[in-house]
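Each remark here refers to the structure printed beneath this line.
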Amino acid sequence: MKILIAEDAPSDRMLLRLHLEKLGHQVSEVSDGAELVEYFFEHSAEYDLLVVDLNMPNKTGVEAVNQIRAFQGGYDANWVPIIILSGSESDSDILRCIEAGADAYLIKPIQHKVLAAKLMAMTRLADMRKRLIAMNARLEALSTTDYLTNLPNRRAFEKNLQDEMAKSDRYEQSLCVAVIDIDHFKQINDTYGHEGGDVVLKELSRRLEKDKRAGDQFGRIGGEEFGLCLPYTDLENALIACERYRQLLTQEPYLYGDRRINLTVSIGLCEFTSENNQLELIKQADAALYKAKRTGRDRVVVMGVDNN
Ligand SMILES: Nc1nc2c(ncn2[C@@H]2O[C@H](COP(=O)(O)OP(=O)(O)OP(=O)(O)O)[C@@H](O)[C@H]2O)c(=O)[nH]1
């Protein structure tokens, strides 16, 4: 483990360091409470455990632990276990330290075996926490990623769009949204089977991600329907971008075994205005898409918010 010690008495600090190093840990030191807080704020991600003396100049152990826990917001990824060391056997001191956010309290002089046992328990706690954070990250990725194409799913796309709308509002920047839909996809499924259809969906997503302009965001928002968010882009430039995407998706055939599948896509495009909420914005793009389908497919249709 990487351990940070905060102890003002040089001899105690040195003994503790030697003992922890003997147990195989990497140790850094600070010599008072204020230094601990300042140093830890900058290096919180580097440590697995803090060992903090209760009585230190400038800031007591309790004050320092309080500030560290407040800084971490309780449950963030850089949370580390904290052991407080103290000469006091008073129950109220123990309570005060645990209430402030410490996880264990050891009475000085430290018994080496007791310290080793506590370290073992703290390591277990830290490992469990790391596993929980990793699992949460995996669950978060699963819940926001489309299983077939690996693009953001509808939920994630809408969340990204919401964020971009807020930015567009705040910085008074243009933002456009498009919906891309494969034409006659049912026929592709009917001809090549569902598996063939899936291959097309995956390859189309790959092309989008590979050649997308920096900042553009895609998501799979339906079976054969993809959302496109174009931040910092006005309608005129969004139209150019959509035409480029349309060609990108249609000029080369899609390979399924030794078969070559040609397809076209229709795209509905609209611009965000502050009167539009997110649902309406996607509806506008959908309405434009519907028009593209009605007027012959294989095209981009623009829908202004006023001419719906
Ligand atoms: N292979 C595959 N097909 C899907 C998936 N999700 C939806 N589909 C199919 O997509 C097809 C969509 O068909 P329609 O909504 O009739 O539209 P279309 O045939 O593309 O016709 P237009 O949109 O009017 O050009 C249906 O056959 C769905 O079964 C998927 O994950 N994989």
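The values are calculated or read from the model by the stated rules, or taken from the named source; none is laboratory data. As the structure is a prediction and not an experimental result, all values here were calculated from the model. FYI the Cβ positions are ideal-geometry reconstructions off the backbone, even for glycines, and counts take in every protein chain you see.
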Note on ILE240: of the conditions (1) modelled with pLDDT of 95 or more; (2) away from the ligand (no atom under 16 Å from the Cβ); (3) hydrophobic (A, V, I, L, M, F, W, C); (4) touching a Cys at 6+ places or on another chain (Cβ under 9 Å), unmet is (4)
For segment 209-231, how many residues meet the condition of being within 11 Å of the ligand (Cβ to nearest atom) and out of contact with any Ser or Thr (no Cβ under 7 Å at 6 or more places or on another chain)? 4
Pairs under 7 Å by beta carbon, first residue within 15 Å of ALA104 (Cβ to Cβ) in segment 121-134, partner of a type in the set (A, V, I, L, M) and surrounded by 15 or more Cβ atoms within 10 Å (Cβ to Cβ), six or more apart or different chains? MET122/LEU49; MET122/ILE83; MET122/ALA104; THR123/MET1; ALA126/LEU49; ALA126/VAL80
Is there any pair with a first residue in segment 100-113 that is free of Cβ contacts under 8 Å to residues at least 60 places away in the same chain and a second that is assigned to a loop (DSSP other than H, G, I, E, B) and surrounded by 15 or more Cβ atoms within 10 Å (Cβ to Cβ) whose Cβ atoms are under 6 Å apart and which are 6 or more apart or on different chains, and what are they? ASP103/PRO81
Filtering segment 148-201 down to residues that are acidic (Asp, Glu) and closer than 25 Å to ARG244 by Cβ yields GLU158, ASP163, GLU164, ASP181, ASP183
Please identify the pairs in which a residue from segment 178-196 that is assigned by TED's automatic domain parsing to the domain that holds CYS229 and in contact (Cβ under 8 Å) with a residue 60 or more places away in the chain has its Cβ atom under 6 Å from the Cβ atom of a residue that is near the ligand (Cβ under 8 Å from one of its atoms) and hydroxyl-bearing (Ser, Thr, Tyr), counting only partners at least 6 apart or on another chain. ASP181/SER266; ASP183/SER266
Going through segment 80-114 in order, the residues found to be modelled with pLDDT under 90 and surrounded by 19 or more Cβ atoms within 10 Å (Cβ to Cβ) are VAL80
Filtering segment 172-195 down to residues that are within 12 Å of the ligand (Cβ to nearest atom) and in a loop (DSSP other than H, G, I, E, B), which residue is nearest to THR250 (Cα to Cα)? ASP183
Hey, any hits in segment 163-172 for a residue that's among the acidic types (Asp, Glu), touching a residue at least 40 places away in the same chain (Cβ under 8 Å) and in contact with a Cys (Cβ under 6 Å, 6 or more places away or on another chain)? yes
Can you tell me which residue among THR233, THR250, THR295, THR273 is within 19 Å of ILE188 (Cβ to Cβ) and among the β-branched types (Val, Ile, Thr)? THR250
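Within segment 21-59, can you find the residues that are of a type in the set (Ser, Thr, Tyr) and under 14 Å from ILE82 (Cα atoms)?
Step one: list which residues in segment 21-59 are of a type in the set (Ser, Thr, Tyr), which gives 28, 31, 39, 44, 47.
Correct list: SER44, TYR47.
To keep it simple, each residue is scored yes or no on (1) away from the ligand (no atom under 14 Å from the Cβ); (2) assigned by TED's automatic domain parsing to the domain that holds LYS210; (3) surrounded by 12 or more Cβ atoms within 10 Å (Cβ to Cβ).
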| site | (1), (2), (3) |
| --- | --- |
| TYR254 | no, yes, yes |
| ARG260 | yes, yes, no |
| LEU269 | yes, yes, yes |
| TYR290 | no, yes, yes |
Could we say that LEU208 is assigned to a helix (DSSP H, G or I), closer than 23 Å to GLU275 by Cα and in contact with a strand residue (DSSP E or B) (Cβ under 7 Å, 6 or more places away or on another chain) here? no
Among (1) surrounded by 19 or more Cβ atoms within 10 Å (Cβ to Cβ); (2) acidic (Asp, Glu); (3) farther than 22 Å from THR123 by Cβ, the one test that ASP32 misses: (1)
Check off (1) surrounded by 18 or more Cβ atoms within 10 Å (Cβ to Cβ); (2) within 29 Å of the chain's Cα centre (by Cα) for ASP53 and give me the number that stays unchecked. (2)
On the given criteria, is ASP234 within 16 Å of the ligand (Cβ to nearest atom) and either crowded, with 19+ Cβ neighbours inside 10 Å or in contact (Cβ under 8 Å) with a residue 40 or more places away in the chain (or both)? no
Spot the failing condition for ILE84; the list is (1) among the β-branched types (Val, Ile, Thr); (2) within 16 Å of the ligand (Cβ to nearest atom); (3) over 31 Å from the mean Cα position of the chain (by Cα), and only one is missed. (2)
Among the residues of segment 196-208, is there at least one that is away from the ligand (no atom under 16 Å from the Cβ) and surrounded by fewer than 21 Cβ atoms within 10 Å (Cβ to Cβ)? yes
